[in-house]
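Read the structure below first, then the notes.
The values are calculated or read from the model by the stated rules, or taken from the named source; none is laboratory data. Predicted, not measured: the structure shown is a model, and the values here were computed from it. For neighbour counting, all protein chains shown are included, and Cβ atoms are generated from backbone atoms with ideal geometry for every residue, glycine included. Areas reflect the complete protein model, heavy atoms only, side chains present, ligands, DNA and RNA absent. Shrake-Rupley method; radii C 1.70, N 1.55, O 1.52, S 1.80 Å.
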Number of protein chains: 2
Amino acid sequence: MIGQANSIERRSGVALWRQIADQLLHSIAVGDFPENAALPPEVALAERYGVNRHTIRSAIAALVQEGVLRAEQGRGTFVLSRRRLSYPIGARTRFSEGLQGQASERHITLLASSVEPANRRVAESLGLAKGVDVIRLETRGEADGMPVSRAAGWFDARRFAGIDAAMAETGSITASLARFGVSDYLRQSTVLSARHADAADLADLDLQPGAIVLVTVAVNVTPDGQPIQFSESRFPAERIELKLSAL
Amino acid sequence: MIGQANSIERRSGVALWRQIADQLLHSIAVGDFPENAALPPEVALAERYGVNRHTIRSAIAALVQEGVLRAEQGRGTFVLSRRRLSYPIGARTRFSEGLQGQASERHITLLASSVEPANRRVAESLGLAKGVDVIRLETRGEADGMPVSRAAGWFDARRFAGIDAAMAETGSITASLARFGVSDYLRQSTVLSARHADAADLADLDLQPGAIVLVTVAVNVTPDGQPIQFSESRFPAERIELKLSAL
DNA sequence: GAAATTTGTCTATTGATATAGACAATTATA
DNA sequence: TATAATTGTCTATATCAATAGACAAATTTC
């Protein structure tokens, strides 16, 4: 954080306990409260934020629920592991490789697939006519059992017919594309935004209401510039940061 | 958006009217409701979100307050301009150039400057010893009179003594660095995250409580790899998207 | 063992959020 | 001009969020 104002807004449509929970989460992520350290006692936090102790307790309860804190009667409240994974985005963005070294177990699950007519956005990105059939793959990425991404990918249905089966079998976009003669692909463009998690995000990513998701909209192309995949991915901001590298 | 669930969460610590306001904002940004188009009538929206009409009215009132919507009795509620600027991030990220063509007027204001001992993060990034003096520049970027970024930049105080004055005079980081013999610089690394705007963000960026900010932490280096600037920038997610390019 | 510190639970009260219904005011349309 | 559609205002009620205070339960410290 910059100015470290540590202040909160009333009548904002966001409950005080949630604002405080968010700030604590941020303080922890930034390292103000290291792993296993004790948080200041509830009374001290209440004074610092200018709220009632019960409001602090609500914020802490939410973070305990999220698995960020552990409260022990008589001892204090302690910080559990809250390391954010750093997901590299660059010319060769690959899920599993990207998190190598940060999580021992990582995989992608195919949640659903469908064939649908391309909407304007998908069609333009893939260089197809609007309305042409495309295959949509809905996937979730997990690292050490924790959901870290939720993505939708669109592919030309004629060129990549059966990629859904390949994906289900291999659990890898890269491997699936390889079956269709795509030995290599590059990230052509990435546009980034952020918003509140909606109900679908909450369910898919196992988040608590009020969480924030990072959203990337990207196009992958073959080395000779032919677009093969359009995707929209969502990352829980509390678990992932995006590290931009050579692109 | 992906599944387009358009649903909301109760008892989440985020008021329903704010969740709905956020979703409407997103729908508008994505183009579901084009500029000058009429929103569905309040009764229809109430049914669609499964809430009372008064709750919809609260959400709309907030967006009217933010200047996103205009309500006219007897006619309907209409979308005002809600174009998000696209801020390019790449090897040569420069504020003014980046928004060229998207905003006719754009400039950086120096809000404050100070000399302080480098903390661990700044010291490591700049290759200095912890505690060495660094200059901190607090700036705000504006496009067409609207705040679009709020940044803190840190520089080695010995090498760049007086850069605060240069910044105040030129209104440009690039021009200021040029005075110290830095004719060119590159973006070495960028780490990206998102969080709720805190009180300082709300004031600096003229945001409404509950808004989301994109946060970039970056290091700029000279062409031969010498780090010269460490920075942390915040962008209002409702006004800016980040477009990642060759980095 | 006693005291101090800290989290856990309970009751009560106030203000913000959300629902429900009715009707007024304005605009567009038949 | 009448009717329908839409936003604006008002009252009433229920639930959630936040404050306030008191005391219990567990742990650490002296």
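Tabulated results
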item	result
Every residue from segment B:44-90 that is in a loop (DSSP other than H, G, I, E, B), surrounded by fewer than 15 Cβ atoms within 10 Å (Cβ to Cβ) and either within 11 Å of DNA strand D (Cβ to nearest atom) or within 13 Å of chain A (Cβ to nearest Cβ) (or both)	B:G50, B:N52, B:Q73, B:G74, B:R75
Qualifying residue in segment A:87-94 (condition: of a type in the set (A, V, I, L, M) and in contact (Cβ under 8 Å) with a residue 60 or more places away in the chain)	yes
Helices (runs of 4 or more DSSP H) within segment B:139-247 that include 3 or more residues more than 14 Å from every other protein chain (Cβ to nearest Cβ) and open to solvent by less than 10 Å² (accessible area, probe 1.4 Å)	B:163-170
Index of the failed condition, A:V14 passing every other in (1) touching a strand residue (DSSP E or B) at 6+ places or on another chain (Cβ under 6 Å); (2) away from DNA strand D (no atom under 13 Å from the Cβ)	(2)
Of the criteria (1) more than 29 Å from B:I173 (Cβ to Cβ); (2) over 22 Å from the mean Cα position of the chain (by Cα); (3) more than 16 Å from DNA strand D (Cβ to nearest atom), which one B:P117 fails	(1)
Any hit, segment A:12-23, residues being touching a helix residue (DSSP H, G or I) at 6+ places or on another chain (Cβ under 9 Å), within 12 Å of chain B (Cβ to nearest Cβ) and either open to solvent by 60 Å² or more (accessible area, probe 1.4 Å) or among the acidic types (D, E) (or both)	yes
